[in-house]
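So the structure is just underneath, and the comments pick up after that.
Bear in mind these aren't lab numbers, they're just calculated from the coordinates by the rules spelled out. It should be emphasised that the depicted structure is a prediction, and the values quoted were computed from it without experimental measurement. All Cβ positions, glycine included, derive from the backbone under ideal geometry; neighbour counts span all protein chains shown.
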Amino acid sequence: MTVLSIRDLEIDFASRSGRSEPAVRQLSLSVEAGEIVALVGESGSGKSVTAASVLGLLPPRIATVRGSIAFEGRELLGLSEPQLNTVRGQGIGIIFQNSLTSLDPSLRVGEQLQVCAAHRRKLKAAQARALVLTWLDRVGIRDPQRVLRCYPHELSGGMRQRVMIAIAAMANPRLLIADEPTTALDATIQKQILALLKDINQRYGTAILLITHDFGVVSYLSHRVAVMRGGEIVEQGPTAQLLRAPANDYTRRLIHAVPEIGERIADPSPSRRLGAVAAPRPALQVVQEAVPLAPVMLEVQDLSKTFVIDRNLFHRSGKAVHAVNEVSLQVRRGEIFGLIGESGSGKSTLARLVAQLLPASSGSVRFGGLDANGLAGEALRAFRRRLQFVFQDSTASLNPRRTVASQLVDPALRLGVAASRAEALKLAADALDRVGLAQRYLDRYPHEFSGGQRQRIGIARALIVKPEFVILDEPTSALDVSIQAQILNLLLDLRQQLDLTYLFIGHNLPVIEFLCDRVAVMDQGRIVETFDAGDLFANARHPVTRKLLDAVLPVRRAALREALAA
């Protein structure tokens, strides 16, 4: 039985100038009962717009929708809002991409769940609460009573996503639309969420339309896949067949933009780049030569950071949380040092301690042989010129009310790299050029750029002061695979051109293995294991590292086996 049938769908948006801009063109797609279909493509390809049109969520004032969208044989286009409400929830459920903005921040989680249960299943309060507790248990929440009392911001990303799945699934919909349900989640949490969706599909026969840009997710979860580009489907077919032998060149480029465990085995050279091949690369014969060790640039010794939570005006004492606990590490000049671990392991806190954005509770940070702890005034400015930081969230780290020019010029002037605004503007233009952006972008605001472009601006802002060392805190975690490949290749190019040293923080192990020279694994504030990145698959010993490896979702399984066998 066909649950969802989309035929010749076309969506146009009205622009400010009054012209009609096409978002989706001649799209045809179906989802059968009990089937998981993945809709894949880059940002702006029309995936989420297509999903929103199924439930009538596009604003009618600016969106024109033509064609046919049928749910279980019933045409949805043209239905009134009350008629659509009979389909939403019980017929078709949806899991939105950003769980934090999708949940009401002013209501406790329990209130939101119970309102949905009572409304969709027409239950009394006690029955609704029982149903909520049942579904919280089904989605793997082990302390449901505590979660019910929490506000959304008090839960982790993985926990919020489980709550979103419970809200969508408790009405027993025949079709579940999952719009990027695991974006920016740790590998272990991602696999738990995907396993949960697979269980819902198998246990209840729920059909799933999965919106994603991650081919690892596609390989793990879907039965069929459709690839979108520029509002059109360019290729579709059974998942195994499409991943093994994609017919479209665009699909091949997307698949090979994804780094996998074993990538360094296929190409261990410093000149490695992502997405440059259309077939698995043969293993290279590398001659091992004795290379003198570069000097130590960053040395962290017994570094610790303790936070006190639950302290207020009435209770001075609080609970101590050891976010970083006696961490020691060394990063050598020219090295890309990777730091991996699950959310809450202390990676970002450690990075902020190194960058002197947080004061340490104890321990030392030595940079270039000098003590970096407690710097102030001119000494701190000199340190900032040498060490810069690129943040994970490119949207939040840029001021939405200021142009790109002002956000690049200010650091150059404040840190004394430029003597005048004219000189700083010249440096800003050069920095944009280095990251592949045109000088004309200087007068634009952050919201006028894509996620990948904003991340390039963040890198340009770090480069404008001509640093020696750059800390990169998960700079590609929420980017499309093709944009991620561009940013990773850019970082490798910049290291060679500018003789940079990186501390790269991430939770995507294939990215870490591909990019980095050495890797440290963090767990509960401590470093539990350190090794060469090329030995990640073979030599990881600690249970935390093995757990992270087990959570990796390979795309080209045959290629991976061939590389490891070679």
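Using a 7 Å offset from the Cα along the Cα-to-Cβ direction at both R421 and R401, what is the distance between the two label points in nm, to one decimal?
For the pair R421/R401, the computed spacing is 1.8 nm.
Along each of the three principal axes of the Cα atoms of region 43-85, give the extent in whole Å, ordering the values from largest to smallest.
30, 23, 17
Among the DSSP beta bridges whose two residues both lie in the chain, what percent are antiparallel, rounded to the nearest 5?
Values: 48 of 85 bridges.
If we restrict to bridges inside the chain, about 55 percent are antiparallel.
What angle, in degrees between 0 and 90 and rounded to the nearest 10, separates the Cα long axis of helix 157-169 from the longest principal axis of the Cα atoms of the chain?
Around 10 degrees separate the two axes.
To two decimal places, what compactness ratio does region 102-170 give when its Cα radius of gyration is scaled by 2.2 N^0.38 Å? Could the numbers behind the result be given before it?
Numbers: Rg = 10.7 Å, N = 69, 2.2 N^0.38 = 11.0 Å.
Scaled against compact globular proteins, the figure is 0.97.
Return the subset of K319/K347; K122/K198; K198/K305; K347/K466; K305/K426 for which the Cα-Cα distance in this structure is over 31 Å, preserving the input order.
Working: K319/K347 21 Å; K122/K198 27 Å; K198/K305 39 Å; K347/K466 25 Å; K305/K426 40 Å.
As for pairs spanning more than 31 Å Cα to Cα, those are K198/K305; K305/K426.
Among M159, M170, M228, which comes first, then next, by fewest other beta-carbon atoms within 10 Å?
M159, M170, M228
Taking the alpha-carbon centroid of each part, what is the distance from region 122-192 to region 462-488 in angstrom?
32
With a 10 Å Cβ neighbour count serving as the proxy for reagent exposure, in which order, fewest first, do V390, V65 appear? Could you put the intermediate results ahead of the total?
Working: V390 24, V65 20.
Result, fewest neighbours first: V65, V390.
Would you work out which of I505, A478, I459 lies farthest towards the positive end of the dipole of region 457-512? Charges go on Cβ: Lys and Arg +1, Asp and Glu -1.
Sorting the options by dipole projection puts first I459.
Taking a ≥ b ≥ c as the square roots of the eigenvalues of the Cα gyration tensor of region 454-521, is the shape rounded (a/c under 1.5), prolate (a/b larger than b/c) or oblate?
Details: a/c = 1.68, a/b = 1.22, b/c = 1.38.
Oblate, since a/c reaches 1.5 and b/c is not below a/b.
If the only charges are +1 at each Lys and Arg Cβ and -1 at each Asp and Glu Cβ, what is the size of the charge dipole of region 102-170 around the Cα centre, to the nearest 20 debye? Before the final figure, lay out each step's value.
Values: 12 positive and 5 negative charges, 51 e Å.
Approximately 240 debye in magnitude.
With an 8 Å cut-off on Cα pairs and a minimum separation of 6 or more residues, tell me the relative contact order of the chain in percent.
Computed over the chain, the figure is 15 percent.
For R229, what is the net charge nearby, where nearby means another residue's Cβ is under 13 Å from its Cβ and Lys, Arg count +1, Asp, Glu -1? Provide the component values of the computation, followed by the final result.
On the way: positive: R25, K47, R252, R253; negative: E42, E232, E235, D249, D480.
Neighbour charge sum, excluding R229 itself: -1.
If you take every residue apart from F367 with its C-beta less than 13 Å away from the C-beta of F367, what net charge results, scoring Lys and Arg +1 and Asp and Glu -1?
Details: positive: R332, R333, R366, R384, R385, R386; negative: E299, D371, E468.
Overall, the nearby charge balance is +3.
If you add up the charges near R66, with Lys and Arg at +1 and Asp and Glu at -1, over every other residue whose beta carbon is less than 14 angstrom from its beta carbon, what do you get?
Details: positive: R7, R25; negative: D8, E10, D12, E75.
Neighbourhood net charge equals -2.
Would you calculate the separation in nanometres between label points at A70 and S43, each defined as 7 Å from the Cα along the Cα-to-beta-carbon direction?
Between A70 and S43, the simple spin-label model gives 3.7 nm.
In deg cm²/dmol and to the nearest 500, what is the mean residue ellipticity at 222 nm of the chain if only DSSP H runs of at least 4 residues count, each as -39500 (n - 2.57), divided by the residue total? Before the final figure, lay out the partial values.
Details: 22 runs with 208 residues, N = 566.
That calculation yields -10500 deg cm²/dmol at 222 nm.
Using only the alpha carbons of region 329-429, what is the convex hull's orientation-averaged projected area in square nanometres?
In nm², the orientation-averaged hull projection of region 329-429 is 8.4.
Considering every pair of different Cα atoms, what Kirkwood radius, in Å, is found for the chain? Show your work: numbers first, answer last.
Numbers: mean 1/r = 0.0390 Å⁻¹.
One decimal place: 25.6 Å for the Kirkwood radius.
Would you mind ranking E180, E468 so that the residue whose beta carbon has the fewest other beta carbons within 10 Å leads the list?
Details: E180 21, E468 17.
Lowest count first: E468, E180.
For region 147-264, what is the convex hull volume of its Cα atoms per residue in Å³? Mind showing how you got there, number by number?
Details: hull volume 16.3 nm³, N = 118.
Normalising the Cα hull of region 147-264 by residue number yields 138 Å³.
Counting other Cβ atoms within 10 Å of each Cβ, which trypsin sites (Lys or Arg not before Pro) in region 360-402 have at most 15 and sit in a DSSP loop? Can you show the working numbers first?
Details: sites: R366, R381, R384, R385, R386, R401, R402; in loops: R401, R402.
When the trypsin sites (Lys or Arg not before Pro) of region 360-402 are filtered for loop state and at most 15 Cβ neighbours within 10 Å, R401, R402 remain.
Dimensions of region 433-566 along principal axes (Cα, Å, largest first)?
If we take the Cα atoms of region 433-566, the spans are 50, 33, 28 Å.
Write out the trypsin sites (Lys or Arg not before Pro) in region 2-105 meeting two conditions: DSSP loop, and at most 12 other Cβ atoms within 10 Å of their Cβ. Intermediate values should be presented prior to the final figure.
Numbers: sites: R7, R16, R19, R25, K47, R61, R66, R74, R88; in loops: R16, R19, R61.
Listed in order of number, the matching sites are R16, R19, R61.
Would you please give the residues with an amide H less than 5 Å from that of V225, counting only those at least 5 places away or on a separate chain, with H modeled from the backbone geometry?
Under 5 Å from the amide H of V225 lie the amide H atoms of A38, G237, T239, each far enough along the sequence or on another chain.
Give the residue list of trypsin sites (Lys or Arg not before Pro) in region 127-165 that are DSSP loop and have at most 10 other beta-carbon atoms within 10 angstrom.
On the way: sites: R129, R138, R142, R146, R149, R160, R162; in loops: R142.
Passing both the DSSP loop test and the Cβ count: R142.
Read phi for every residue in region 334-343 and hand back ³J(HN,Hα) as whole Hz from Karplus 6.51 cos²θ - 1.76 cosθ + 1.60, θ = phi - 60°, with x for Gly and Pro.
x, 8, 10, 9, x, 10, 10, x, 6, 4
Between D433 and A247, what's the calculated FRET efficiency when r is the beta-carbon distance and R0 is 45 Å? Round to 0.05.
On the way: r = 37 Å, r/R0 = 0.83.
Computed FRET efficiency for D433 and A247 comes out at 0.75.
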